[in-house]
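Attaching a single structure in structure tokens format; questions to follow.
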Amino acid sequence: MSYPSNTQDHSRAKDADAGIDVTPEFERFTQRDDVFSRAMWDNQVKSKHTEKFFDSYRMGASPRRGEGFGTRDFALRNASWLISDVITNRHADQGLREGFQAPISADTPVAPHQMEIDDPAAMAQEIKRVAAFFGADLCGITDLDERWLYASRVDTRDMSPADNDLPPGLNSVIVMGHEMDAELVATYPSALAGAATGREYSHEAAVVMQLAAYIRNLGYEAVASMNDTGLVIPFAIKAGLGEYARNQLVITPEFGPRLRFSKIFTNLPLTHDVARPRGVRAFCDICSKCADACPPKALPFGSPEVGGENPSAIKGVRKWTSDAEKCFGFWARMATDCAICMRVCPFNRNFSSLGHRLWLKLALSRFRKVALWLDRKRGGRVKPGTWWHSNR
């Protein structure tokens, strides 16, 4: 694997500042072992439901067994994925599922003349403004910590390991957050709710490609990336966008856990943001709503532990770790994604509201138990039919 030539040193002190606990047993993660890749080759994950799950995204096996799982629910969900699917499949004959098992290939060249950047802080602000213009809801910037790059990616023609090369000299990661529709999230689990996921993957594909093109037009390298190339959660945390939670999601002060993330690897001169732990970890220590609500019991109770025993868990990081097989198995049986853990999370709120901002302040303080008590009746599922019949 070719690693960037100018990545920074990463001390335990810096990790601690970000709330990341890396142990001596740490190993880079191999993408072939993520549960979605394993569903294509590993009999421990594959089941009689797996093929139906993937077929449902082509309207090939959409079950019709109740509200939220009808033809129009699957039709909307699958339509929401269209733009992402177009990008993902355009080089599938080369074993490249762009945005998932391979970075998004550049559609524009790097301009032959670099614009001179004499103020990386001003350029960082410009990048955030351009990201917002293209449609990103959040944007942060961090250094390219090579530990979170996949040790190898996947050739999807035969699911074999493939090189995970990046151009030399990249030293920054621009991380963008894309808000999921709150009303759809409220209907999880349902095929209808899956449209909230698909819409943001399609949105982020456009946003990340356009921002990367802007950077290349300035004369600098920019590699657009979604779920591919590296683990986005530690990059998002280090970029100051939020904190890791028991439900395996990043909790942000703007949207709680209700986001998807994309990223760009670049050598554009930029100042980096810093991680901003605010107290989510302490709240999750006393809250288990996501674990209690998880139907297959895939989410952990108790304190964070060093993971790595499960093939789909990164080795040598102390954190809350889900049982990927149980989680994906539930998805496969429903033929759609599940985000009950997102729906019931106490941080899943509209923080543009003063009342919810006051709750957030309470939750991140020593009065967190009061905040948890105030949340006890929230997070119930909204019937999917409500969304179809509402006047938006």
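Find all pairs meeting these conditions: Cβ atoms under 6 angstrom apart; at least six residues apart or on different chains; first residue within region 338-360 and in contact (Cβ under 8 Å) with a residue 40 or more places away in the chain and more than 12 Å from Arg258 (Cβ to Cβ); second residue of a type in the set (Asp, Glu) and surrounded by fewer than 22 Cβ atoms within 10 Å (Cβ to Cβ).
Cβ pairs passing all conditions: Pro346/Asp375.
State yes or no: is Asn89 surrounded by fewer than 16 Cβ atoms within 10 Å (Cβ to Cβ) and either closer than 26 Å to Ser190 by Cβ or of a type in the set (Gly, Ala, Ser) (or both)?
Considered against the rule, which asks whether it is surrounded by fewer than 16 Cβ atoms within 10 Å (Cβ to Cβ) and either closer than 26 Å to Ser190 by Cβ or of a type in the set (Gly, Ala, Ser) (or both), Asn89 comes out as yes.
Any residue in region 19-39 that is crowded, with 18+ Cβ neighbours inside 10 Å sitting within a Cβ distance under 6 Å of a residue that is in a helix (DSSP H, G or I) and of a type in the set (A, V, I, L, M)? List the pairs, counting only those 6 or more apart or interchain.
So the pair list comes out as Val35/Ala324.
Looking at (1) under 18 Å from Leu144 (Cα atoms); (2) at pLDDT 95 or above, which is the one condition that is false for Ala275?
So the condition that Ala275 fails would be (2).
Of the conditions (1) surrounded by 13 or more Cβ atoms within 10 Å (Cβ to Cβ); (2) modelled with pLDDT under 95; (3) small (Gly, Ala, Ser), Ser84 satisfies every one except a single condition; which number is it?
Answer for Ser84: the failing condition is (2).
Between a first residue in region 72-98 that is touching a residue at least 40 places away in the same chain (Cβ under 8 Å) and part of a loop (DSSP other than H, G, I, E, B) and a second residue that is of a type in the set (S, T, N, Q) and surrounded by fewer than 17 Cβ atoms within 10 Å (Cβ to Cβ), which pairs have beta carbons less than 9 Å apart while being 6 or more apart in sequence or on different chains?
Filtered contacts from region 72-98: Gly95/Ser160; Leu96/Ser105; Arg97/Asn89.
Right, something else. Of the conditions (1) surrounded by fewer than 17 Cβ atoms within 10 Å (Cβ to Cβ); (2) in a loop (DSSP other than H, G, I, E, B); (3) of a type in the set (Val, Ile, Thr), Val382 clears all except one; give me its number.
(1)
Filter region 157-174 for residues that are in contact with a strand residue (DSSP E or B) (Cβ under 8 Å, 6 or more places away or on another chain) and closer than 30 Å to Asp42 by Cβ; which is surrounded by the most Cβ atoms within 10 Å (Cβ to Cβ)?
Out of the qualifying residues, it is Val173.
Identify the residue in region 264-278 that is surrounded by fewer than 17 Cβ atoms within 10 Å (Cβ to Cβ) and touching a helix residue (DSSP H, G or I) at 6+ places or on another chain (Cβ under 8 Å) and, among all such residues, is farthest from Asn227 (Cα to Cα).
The residue in question is Thr271.
It is to be established whether one or more residues within region 331-350 are surrounded by fewer than 19 Cβ atoms within 10 Å (Cβ to Cβ) and either aromatic (Phe, Trp, Tyr) or more than 21 Å from Asp55 (Cβ to Cβ) (or both).
yes
Give region 225-261 a look and list any residue that's of a type outside the set (Lys, Arg), under 23 Å from Asp337 (Cβ atoms) and over 14 Å from the mean Cα position of the chain (by Cα), or say none.
Glu254, the sole residue that qualifies.
Counting only residues that are β-branched (Val, Ile, Thr) and crowded, with 23+ Cβ neighbours inside 10 Å, which one in region 175-196 is farthest from Gly379 (Cα to Cα)?
Val175
The values are calculated or read from the model by the stated rules, or taken from the named source; none is laboratory data. Please read all numbers here as calculations on a predicted model, not as lab measurements. Positions of Cβ are backbone-derived with ideal geometry, glycine not excepted, and every protein chain shown enters the neighbour counts.
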